[in-house]
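Reviewing the structure listed below.
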Amino acid sequence: MKSLLTLATLLTATVVAHTQPAAPFGPPPTFKVVNKIDKMKSEIFFLETVVKLVPQNVQRVVIVNGKQETITETRFVPVMEHQISLFNVANSRAITTDGKQLPIEEVWNRLKKDAVVAVSADGNTPAQAFLRVLNPEVIVLIPGPPTPAKKLP
């Protein structure tokens, strides 16, 4: 009887393990807020919040050999800053959350100031597990290969 129960438990555990979805492959997309759109240059400007670690000197009192001493330490304090970044649509792709390619005119029609878009973190289509949780109205942008810097005259 015990062996039958053990066998049933192993079979159940095997079935449960096979029915779980696979872990997503690749990094999740990042969310960005549209700040400005320039259709003529095929550019989108994003307003991003970044965290920078800023050095700050602080003094604290320590006890050394029974005496109080004041020492100065440098600590790095996180500070949030806003910055504008540029995204070139001309060498990129735009898809819906179900993975369908969006025509460029549809992208321009749907993009508005303050809209939130998802941007691929590694230049590949994000895993379906990440796309599935997004609102169907969200545009997913997949950047193309980086373009070489223009030489100055």
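Each value in this text was obtained by applying a stated rule to the coordinates, not by laboratory testing. Keep in mind the model is a prediction, meaning the values are calculated, not measured. In this analysis, Cβ positions are derived from the backbone assuming ideal geometry, glycine residues included, and neighbour counts consider all displayed protein chains.
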Run the Debye formula on the Cα coordinates of the stretch 27-153, all scatterers equal and no solvent, and tell me log10 I(q)/I(0) at q = 0.19 1/Å.
-1.08
Direction-averaged shadow area of the convex hull around the Cα atoms of the stretch 79-120, nm²?
4.1
In nanometres, what is the gap between the two model label sites at Lys52 and Asp122, each 7 Å from Cα along Cα-to-Cβ?
3.0
Once phi is turned into ³J(HN,Hα) by the Karplus curve 6.51 cos²θ - 1.76 cosθ + 1.60 with θ = phi - 60°, what whole-Hz value does each residue of the stretch 37-48 show in order, with x for glycine and proline?
10, 10, 4, 4, 9, 6, 10, 10, 9, 9, 9, 10
Using each residue's phi in the stretch 108-125, evaluate 6.51 cos²θ - 1.76 cosθ + 1.60 at θ = phi - 60° and report the 3J(HN,Hα) Karplus result to the nearest Hz, with x for Gly and Pro.
5, 5, 8, 7, 9, 4, 6, 6, 9, 10, 9, 10, 4, 7, 10, x, 10, 5
Backbone HN-Hα couplings from phi across the stretch 51-67 [Karplus 6.51/-1.76/1.60, Hz, Gly and Pro as x]:
9, 10, 8, 9, x, 9, 7, 10, 10, 9, 9, 10, 10, 10, 6, x, 10
Quick one: of Lys41/Lys113; Lys39/Lys112; Lys32/Lys113; Lys52/Lys112, which pairs are farther than 19 Å apart, Cα to Cα?
Lys52/Lys112
